[in-house]
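Each reported figure results from applying straightforward, stated rules to the coordinates on display, with no laboratory input. This one's a predicted model, so the numbers in the text were calculated from it and none came from an experiment. Here Cβ is always computed from backbone atoms with ideal geometry, including for glycine, and neighbour counts include all displayed protein chains.
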Amino acid sequence: MTKQLLATTENANNQNSQYTSLNDPEIANVVAHINEEHLDELLGFLSVFTSLSTAELDRVDAQITDIYAEGITIQTRQKKLKYQPTDAQDNSLYDQTFFIAFTAPISQLDDLQAQYILLKQRADKKLGKKTIKLTKQVFDVQNSYNVSKNMLRLELSMPSLNDAQLSDDVQLRNTNSAMSVPINEAGYAYLFDLEHNATTNALMSDEVDDSKADDNAVNDSEKNNVRPTRPHCYYTLRKAWQADDEIRVWVDVFLHGDTPGGNWAQSLQAGETVVTKREFPEKVEHLRGGQAVLIVDETSMPTAARLLELWNNPKPPLIICVTQDADDQSYFDTVKMRSSLDSIGSDNSSIDNKIDCDTETHGNDHFAVLPIVTNQANSGAELATLIDSTLGDYLTDNPLQIDKVWGALEANTAKALRPLLRERLTLSRTDVVVKVYWRHD
């Protein structure tokens, strides 16, 4: 039996006496991360696990104030609305602190992720939303090739488990039906198990060595060295579709130097299997109405490409595309919007500060691309300022009322960009979704 999840309004002054502190120096970083990137989840917790009404939640923002062994505390605060008079406030809704209990207490911060996921899964189920899946999927590698200078496309497949001809072992290797692979979702992420392939290759090498004189057999320390420095990595499902008796899948991997994920992707051969351990839906529901701008780099271009193919908004989006190499701007050249009209490419050369904002549009059914070419790793507050000023220059020449933002970038870039965009566009936190897709270590 799981512990019932309760929420109570608490006095912040006596919380430490009621709950067990974890005393971990990393808690502040975790709290800051959740508050900046997971506002919608916190509001979902308040909706499901407290008595706050939908109308009340529409008028507040939320932030975690602390993490305890028994649960988390979430504080509500006044939401900054676009057209709200300064005296239009209901102070009774603000500065309340709610305690959300875990299903089981944690003893260290490393246990937080599992309990947080359980909270999210339970809240999403109650709200009828898609949520994280802790499931294993197995795909077969069919092919791989470059779709732009530094973007490698993996072609994967999975048998359709409703085929009566499939052997029992093939059916059992996937915990979910292949039909659960999302065909009509953009930005759906899989956590790939990089160790699966490293371990498989090491075992195959060992078998070959054992058949020899055995002087060159792979010893235990060498096997350990085969393991990737990073055991798993998220990659976005670029596209999936049903083909005869199987599901076909594209996964586009940006190759940028000597990285565990890039090395893994380049080493894959046709006939191998790849394994995923977790699935995560992207937050794009807010893009269904209003004028949107998408801000992407090489790691999030696959999400934007699928968004365009599934676009469900009468207004085409503006895209700001940041790449290290100008040759990767061609990624969008073959992407077509849901209307099946040709997309607009960005065959432009960089000038001065490596930006070329010359963009073509041919009517309102096409999306426009603002290319930014940096000639360096796309990270940091300086890039955030560049993106913001590029958008500002474009809006000066092309007056648009931007209503929604979706983006995914490096961690420091995303953190610096969010407040710049909210100030420039006068939008709320829920309308400016800029995700972290990678971190510059």
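Trypsin sites (Lys or Arg not before Pro), restricted to the range 406-441: which are DSSP loop and have at most 15 other Cβ atoms within 10 Å? Please list the in-between numbers first.
Numbers: sites: K415, R422, R424, R429, K435, R439; in loops: R439.
The qualifying sites are R439.
Read phi for every residue in the range 268-283 and hand back ³J(HN,Hα) as whole Hz from Karplus 6.51 cos²θ - 1.76 cosθ + 1.60, θ = phi - 60°, with x for Gly and Pro.
5, 10, 4, x, 6, 10, 10, 10, 10, 10, 7, 10, 9, x, 8, 9
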